[in-house]
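S.K.: Sending over a structure as structure tokens; questions will come in a sec.
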Amino acid sequence: MSSGEFDKIIKENLTDSFLSLLNTYLGIHVIETVRLPALKQTTIEREVDFLAKVKTIDQQEFILHLEFQSHYETGMKYRMAEYGSILLREYRIPIRQFVVYMGSKKVKVSSKLPEDQVIKGFEWLDLSDIPYQEFLTSESPELIILGILSDFGTLSAEELSLELLHRLHQLGLGESDLRKYITQLEVLSNLRNLNNVVNQSIKAMPITFDIRKSAFYQEGVEAGKQEGKLEGRMEGRMEGINGIILNMYQKGIVMTQIADLTGIELAEIKRIIEENKESTG
């Protein structure tokens, strides 16, 4: 699995429900959120005026950065801060910056960023330190699937993966959404090397959906035989669904799509269709 796959899932699922964790674990009580565009990759648009690695007589070593200005530039302190961050990332030793002013008009403006705008580092939030109950009791599927990265407590990986799958089922999601979050759970499990465990739990977990919500129910399935919910396992064994599979096939839906929509294995789909051909021969 590539890091891009994990990033895609995280970005897609970063809803306000996740921000509730900030209040509990970082002491940040969010009352309003306005999402901003993602930062674009940036580079310094022009070369700095002077840059050198220096050592002083008292053996101090740092990067010396000079900019020469003939006029006052609004936002200069923010531009210097941007330069400083890039230089610090590149050289990882102290940075000293100076703007050398050469204009005729005296300018007296603050060259320092406000204290609350100075970047001094970051705070760390490790999902493996958060108890699994925080995710398992959530009403948000985006949070529930993150439970596979939490502190399992006394539960085994097998037990927690089954609990998470069961909780997703309890939310009453539509078929496509349920399968999406189950797939994302499986992808995230790779971060804890639990892919095999989660995969086995998925195979063992019944998949339930309300067949009455399907358009195929209205077009070809006998109401008396298909009333209510049909339960089955991902391997196939779903009683009473033959009519739906045949109806899909007769309407031109290919077998692989039928397997994806119903959760039944492709081999079982083929068997049902072949048997029907023989019986109607």
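S.K.: Counting only residues that are in a helix (DSSP H, G or I) and small (G, A, S), how many does the stretch 132-163 have?
M.R.: 3
S.K.: Just one of (1) at pLDDT 90 or above; (2) farther than 24 Å from L22 by Cα trips up L168, so point out which.
M.R.: Every condition holds for L168 apart from (2).
S.K.: Given E90, E12, E32, E45, which one is at pLDDT below 80 and within 30 Å of L191 (Cα to Cα)?
M.R.: On the way: E90 fails: at pLDDT below 80; E32 fails: within 30 Å of L191 (Cα to Cα); E45 fails: within 30 Å of L191 (Cα to Cα).
Answer to the check: E12.
S.K.: Would a scan of the stretch 188-198 turn up a residue that is loosely packed, with under 13 Cβ neighbours inside 10 Å, under 20 Å from E5 (Cβ atoms) and polar (S, T, N, Q)?
M.R.: Within the stretch 188-198 (the criterion being loosely packed, with under 13 Cβ neighbours inside 10 Å, under 20 Å from E5 (Cβ atoms) and polar (S, T, N, Q)), the answer is yes, since at least one residue qualifies.
S.K.: If you go through the stretch 238-281, how many residues are under 23 Å from G172 (Cβ atoms) and modelled with pLDDT under 60?
M.R.: From the stretch 238-281, those under 23 Å from G172 (Cβ atoms) are 238-241, 244, 260-264; that's our starting set.
Pick out the ones that are also modelled with pLDDT under 60 and you get 238-240.
Qualifying residue count, the stretch 238-281: 3.
S.K.: So which residues in the stretch 57-92 are open to solvent by 40 Å² or more (accessible area, probe 1.4 Å) and among the hydrophobic types (A, V, I, L, M, F, W, C), if there are any at all?
M.R.: Those that are open to solvent by 40 Å² or more (accessible area, probe 1.4 Å) and among the hydrophobic types (A, V, I, L, M, F, W, C): I57, F68, I86, L88.
S.K.: I would also like to ask the following. Considering the stretch 100-116 alone, what residues qualify as being open to solvent by 70 Å² or more (accessible area, probe 1.4 Å), outside any loop (DSSP other than H, G, I, E, B) and touching a residue at least 12 places away in the same chain (Cβ under 8 Å)?
M.R.: Residues of the stretch 100-116 open to solvent by 70 Å² or more (accessible area, probe 1.4 Å): 101-102, 104-106, 108-112, 115-116.
If we keep only those that are outside any loop (DSSP other than H, G, I, E, B) as well, we get 101, 115-116.
Listed by number, the list holds a single entry, Y101.
S.K.: While we're on this one: Among the listed residues L173, L185, L149, identify the single one that is surrounded by fewer than 20 Cβ atoms within 10 Å (Cβ to Cβ), among the hydrophobic types (A, V, I, L, M, F, W, C) and at pLDDT 90 or above.
M.R.: Selected residue: L149, the only one of L173, L185, L149 that is surrounded by fewer than 20 Cβ atoms within 10 Å (Cβ to Cβ), among the hydrophobic types (A, V, I, L, M, F, W, C) and at pLDDT 90 or above.
The values are calculated or read from the model by the stated rules, or taken from the named source; none is laboratory data. These numbers come from a predicted model, not from an experiment. Every residue, glycine as well, gets a Cβ built from its backbone with ideal geometry; the counts of neighbours run over all protein chains shown. What goes into the accessible areas is simple: the full protein's heavy atoms, side chains included, and nothing from ligands, DNA or RNA. Shrake-Rupley method; radii C 1.70, N 1.55, O 1.52, S 1.80 Å.
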